[in-house]
Each structure stands twice: as C-alpha cells, then as structure tokens.
There are 2 protein chains.
Amino acid sequence: MTENRKLTLKDIARELNISISTASRALKGHPDISDETIRIVKEYALKHNYVPNVLAVNFRKNRTFNIGLIVPELVHHFFSTVISGAIDAAKKKGYNVIVSQSNDILQDEVTACRTFLASSVDGLLISISNETFEGKHMLDFINEGKPVIQFDKITDQLDTPKVIVDDFEGAYQAVKHLIDEGYDKIAHLRGRSEVKNANERALGYEKALKDFKREFQPEWIKECKLINEEEGYVFTKELMESENPPNAIFCITDLVALGVIKYLKKAGINIPQQVGVMGFSNWKLAEIVNPSLSSVDQHGYQIGVTATEMLIEKIQNHDIESHETVEIKTNLVVRDSTRLSKNEFGNI
Amino acid sequence: MTENRKLTLKDIARELNISISTASRALKGHPDISDETIRIVKEYALKHNYVPNVLAVNFRKNRTFNIGLIVPELVHHFFSTVISGAIDAAKKKGYNVIVSQSNDILQDEVTACRTFLASSVDGLLISISNETFEGKHMLDFINEGKPVIQFDKITDQLDTPKVIVDDFEGAYQAVKHLIDEGYDKIAHLRGRSEVKNANERALGYEKALKDFKREFQPEWIKECKLINEEEGYVFTKELMESENPPNAIFCITDLVALGVIKYLKKAGINIPQQVGVMGFSNWKLAEIVNPSLSSVDQHGYQIGVTATEMLIEKIQNHDIESHETVEIKTNLVVRDSTRLSKNEFGNI
C-alpha cells in the first residue's frame, strides 16, 4: 500500500485481517463488535489518517440538520443566553438544536453524547461538566466525522475548535477597577482548581495585584466547590472574622457574590464603603440585588451565535481537523457594589 | 365502501379520483401538490377518520425519538425550568428534545413548527406566542400522526391535551392573601386580553374581590402589552398619581412587579406599609429584590416533566385523539413585599 494514496476501508480490513463489515462497524463503535477490536481498528484508522475519508461519506449520507448542544445546567442565566444565541443562529441556517444538560455530572454528559450519536446529530456544541477532564466521549463524534466545538468550559485535552471567554482579561479588569476605586486588600472567592476558566480568572486576579503592587495573601483566596450563594456567605464570614480581613471581594460568579452581599448586610458591613463586591457573569440578578452588583459581562448570546456558526461551517466543509480558538471579549459593568468614589452617601 | 371497515389510502384515491401517490403526498402536505388538493384530501381523510390509520404506519416507520419543544422565550426563568424538566423526563425514556423559541412572534412559531416537521420529530410540546390564536400550524403535526401537547400558554381553538397552571386559583389565593393582610384597595397590572392565562389571572383577582366584598375599580386594572419592567413602572406611577390610588398591586408577573417596586421606591412610598406588591411566577428575582417579592410559584420543572411524559405516552400509544387537561397546582410564596402584619418596622 503506498502512503500517498487514500486509505480505504478495504485496506484496513486487509491489514488487520478482518472483514470489511467488521472494520466498518468497529469504526462506528457498533455494540456487536468487541471493545478490543474497536480500539484496534480506530487506532489504526487514526494513525493512517483514515477518518476524513469516512466522514465525507457520512456527511453526504447522514445529514440530519440537527445539532447537539450540551450545557452543565439549563436553569442558569448565562447558559440560557448561550442556548438562545445557538438556536437563533442555527435557525438562520436551517438547523435545529437538540439541547441536553449534564448537571455537572460526567456520566450524564457521556450519556447525552451517546444519545446524540444514536440520533445522528450532525455535530456537537459542548460546555463540559466540572467532572470532565479528558474528552473520549466527544472524540466519538469526531471519529464519526461530526465536528465538535467546545465553548466556555473546555478541556485542552481534546483538540477541537473552541469559543471561549477571555476569563483572564475579564478578571484582570475587574480587579484593576477595584484597585482604581481605592480598595487595597482584595480577596478572591475562586472556582475549582481543576476547572480551566476558574484558573484563568484566578490568574487574572493575581496578575492585577502583582502589576499594581497590592497586598497578596494566600488566605484571601477561597476555593468554592459548588459555586453557590451559601459558599459566598460562609467564606465571607470566615474572611471578615479573620485577623486581616479584606476590604473587597472578587467572586467567581454573581451567585457567589449574592451570598457575599447577604453576609455583609447581615453583619452590618457597608457595601461599598467598607467592603466592595465584584461578581462575574453579569446575570440579571446583578441589576436587581441591593446594592446593585458590579460584574463582568460574558456575552453569552454572542458565544452561542459564534459557536453555532463555526459548527455549521465545519459541518458543511466536512472539517473535523481545524482547532482554532475564538475569544469573545468580556466587558466590565460597574454598579453600586464597587462605586466607592461616587457613593460616599451610601446606598438607598 | 362500508363504514365499519377502516378507510385506506386506496379508498381516498378512488373516491377523489386521484392517484394513491397524490393522495399520500397530499396528506403529508408535499410541496409538489397544490394547496387546494391538499385541503380536499385532508378534509376528506379527517371526515372519514382516516388519520389514525396513516399514523400507525408513520409511527412504525419514522420514529426519530426526537421531541420538538417551542417556548415564547428561552432566556426566561419559568420557561428554562420547564425545558429542564422536559429534557430530564425525555432522557429517562430515551428521547431527545429539540428546543426552539418563537420570541412571541407567530411567524417564528410557524417556522419552528415547519422545521420540526421537516426533521420528523415524533411529537410537539408548545407554549404559544402572544400572537397565536388558532392552531393551524400545530394541526399539521396531528395530521401527520404526531401528538401535540400545549402547556402554560395555550389556545382552546386547538383540541389537544394540555398541561396548565391553575392561573385562576393562583391569582385568587394571591389576592386573598393581600386581603388577609389588610389591604383593601387592590389594583391589578394584567396581561393581554387575548391571552388565556392573563384572563384567568384577572378572573381570579376579580372573584377574590367579589367574594370578600372589597372595592372594585375598573381604573385599577391596567393591561400590560409587553409584560415588562417599564410597564410596571409607568402604570404604578399612573395609579399612585390618580385620585383614588390603590394600596396594593397584584402583577401578572414578577418582572412587572419589579417595575412596580422601582417606582414605589423612587417615589418614597414604603413597601409593604403603604403599598403591598404581589408578583406571579416566583422567579429567582423575587428572592433577590429588596424588599423580597411575594409571588405565586408555578412549578415550571413539574410542568415540563408532566407534559413530556404525557407526550411520550401519546407517541407510544399512537394517540392523537385524546385531549385531557392536566392542571398543575400553584402555591403562594409570601415574602416581605406583602407581609404587612409582621413587618411594622419596615425593611432592612
């Protein structure tokens, strides 16, 4: 077999001494074929660049004009704006969006992927769960010639195109704003250390403190596991009762910031005069809470539109090989919870 | 042709003097067949109870295990909880949910229905737009043997199974609570008069006033068209500046109530001491706003689960003929905005 000729299914069958039908079904992960055979055939096919050829066939044969979309959680302001953008962008191109949620549980995510594969979606948009670290279940799409695009919560262990928020820069600007307003002891209620966007935000926080030579205290960083109101409340209590309390708190999300505000109000600590509070995500609640919450807008709708347009382009071009990353810029939304300079008479 | 034998496609073709292929394609609304022929064939088939027989065939042949779900708006707390329930219930039965939004525009809803039909969903869950009054576009599903279930925002012009909120009772209990707290001049910011659930809530409001013999003033009822914050703000200004201002305001949704609260705070009118405010839907914002907002919980997740389970049952039983209505009970959530008796020292 010469290397500059495209590998066919027949070649694989001959090389591995199996039937063409077995080779074909192994590539599709058919349940009648043993896991071992599937592994051998897929690895051989990948090694010899077989995949793109299968795909071309699949693309022509099986187009359903359905796209699968998996988010960690549906009842969530940011993800519902992403879904809304995805549906609107898909509709314009004649595609439907099948939506599923992982509830931040890896097994649910794997199941959603399998169901999508079984119902032959043309491609996958995914924001991974907190439990997802590698992407074997997503690789199954690529192996069937179906493009995958990761957005927001991503893993670098899987080489797909990505649409991400500039979490580092967003966090940097948020902390810079706190410094500009005069806060000099800034704490961070961060997300889980295994989650990429949580790390990016923490790095942006640290970089801003370093660039502007503000006090850095490891004990001012608390790791939220569930990213909820209760954690915001409990960690703020801990911070404010410590020997060296901060005078501003930058939170991984607005929901955590809500818990921070609740504790501070209950403890009679004035926001923003005594302690400034900064969220991240700019949910609707940021406008409504009292005092209104400064936050970082992530443009969820735009992320949904961009990721969907990219995916449909890949589907139409039979492209499962490119892996560019598109970064959607955040912007800072300043409200009363950090407006120290203009707010000396307190909140209404 | 005897009447107790089931009508076949061949019978229709013979009776109407068209080919079997034309009859078949007409029943499917095929673009090659004229609208007139489609109308004649469908009406004949309906009149002679042909539909169920076609369906049995369709059901066996074309099951995709995809369900279509259309809501007016995706970035909306209530509808996102419904979708979440629908996805979870569908997953348990091995079904996917394709989600679309009408943006409360009839044409968008019709387009979503057509796209769903083209991609062969097995059935439809729909909460109609504010512009939808009859259901021809939904009837297309039924004519293709695909069950339709309406939920929350429904039209009685289309005879399908329905899952609804007990809007009348929810509104009645909300207004009764206001009366129990001592409010005696209760206004209502209602929804559009063409929308069924808006009418039900308005009827519940009127009935409670009547039962407890409280003052009823037609000028205390204002019709919101867009159901947003701005309308709440503007109508409250109008009401409070009138000669006979109310001392409580019951709103069609929490979002409208948010505008009411904004105006009252701006005008220096104390909530709940001077004016009580009651929402409807119990969005997350009701907990967050200051003062926290009393509201009526609609159990969106449960509505999603119930409607989806019903739909899948109909799909599996090839049932497009039943039209039961399931009512999901609401419950009143009392918070600071109406807690007159226990709140004499004002809000924090």
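The values are calculated or read from the model by the stated rules, or taken from the named source; none is laboratory data. None of the values given here were measured: they were computed from a predicted structure. In this analysis, Cβ positions are derived from the backbone assuming ideal geometry, glycine residues included, and neighbour counts consider all displayed protein chains.
Key figures for this structure:
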quantity	calculated
Filter result (surrounded by fewer than 21 Cβ atoms within 10 Å (Cβ to Cβ) and either within 16 Å of B:Ser281 (Cβ to Cβ) or out of contact with any helix residue (DSSP H, G or I) (no Cβ under 7 Å at 6 or more places or on another chain) (or both)) within region B:180-191	B:Asp180, B:Gly182, B:Asp184, B:Lys185
Any chance B:Tyr172 is in contact with a Leu (Cβ under 9 Å, 6 or more places away or on another chain) and in a helix (DSSP H, G or I)	yes
Residue under evaluation B:Gly135, criteria (1) more than 10 Å from chain A (Cβ to nearest Cβ); (2) at pLDDT 95 or above, criterion not met	(2)
B:Leu189 vs. criteria touching a residue at least 40 places away in the same chain (Cβ under 8 Å) and not polar (S, T, N, Q)	yes
Residue list for region B:182-235, restricted to those being farther than 24 Å from B:Leu340 by Cα and in a loop (DSSP other than H, G, I, E, B)	B:Gly191, B:Arg192, B:Ser193, B:Glu194, B:Val195, B:Cys224, B:Lys225, B:Leu226, B:Ile227, B:Asn228
Selected residue (only one of B:Ile98, B:Ile70, B:Ile105 is free of Cβ contacts under 8 Å to residues at least 60 places away in the same chain, touching a strand residue (DSSP E or B) at 6+ places or on another chain (Cβ under 7 Å) and more than 8 Å from every other protein chain (Cβ to nearest Cβ))	B:Ile70
Some residue of region A:231-245 being within 14 Å of chain B (Cβ to nearest Cβ), closer than 30 Å to A:Ile105 by Cβ and not hydroxyl-bearing (Ser, Thr, Tyr)	yes
Those residues of region B:27-58 which are in a helix (DSSP H, G or I), at pLDDT 75 or above and of a type in the set (A, V, I, L, M, F, W, C), in sequence order	B:Leu27, B:Ile38, B:Ile40, B:Val41, B:Ala45, B:Leu46
Region B:73-95: number of residues that are at the interface with chain A (Cβ under 7 Å from one of its Cβ atoms) and either over 19 Å from A:Cys113 (Cβ atoms) or touching a Gly at 6+ places or on another chain (Cβ under 7 Å) (or both)	6
Residues within region B:120-136 that are farther than 10 Å from B:Ile67 by Cα and touching a Phe, Trp or Tyr at 6+ places or on another chain (Cβ under 9 Å), tallied	2
Residue match in region A:261-272 (condition: under 23 Å from the mean Cα position of the chain (by Cα) and either in contact (Cβ under 8 Å) with a residue 60 or more places away in the chain or on the phi > 0 side of the Ramachandran plot (or both))	no
Hits in region B:243-263 - residues which are under 27 Å from B:Phe168 (Cβ atoms) and surrounded by fewer than 22 Cβ atoms within 10 Å (Cβ to Cβ)	B:Asn244, B:Pro245, B:Asn247
Some residue of region A:148-163 being in contact with a Leu (Cβ under 8 Å, 6 or more places away or on another chain) and among the charged types (D, E, K, R)	no
Residue in region B:103-124 that is in contact with a helix residue (DSSP H, G or I) (Cβ under 6 Å, 6 or more places away or on another chain) and of a type in the set (Phe, Trp, Tyr) present	no
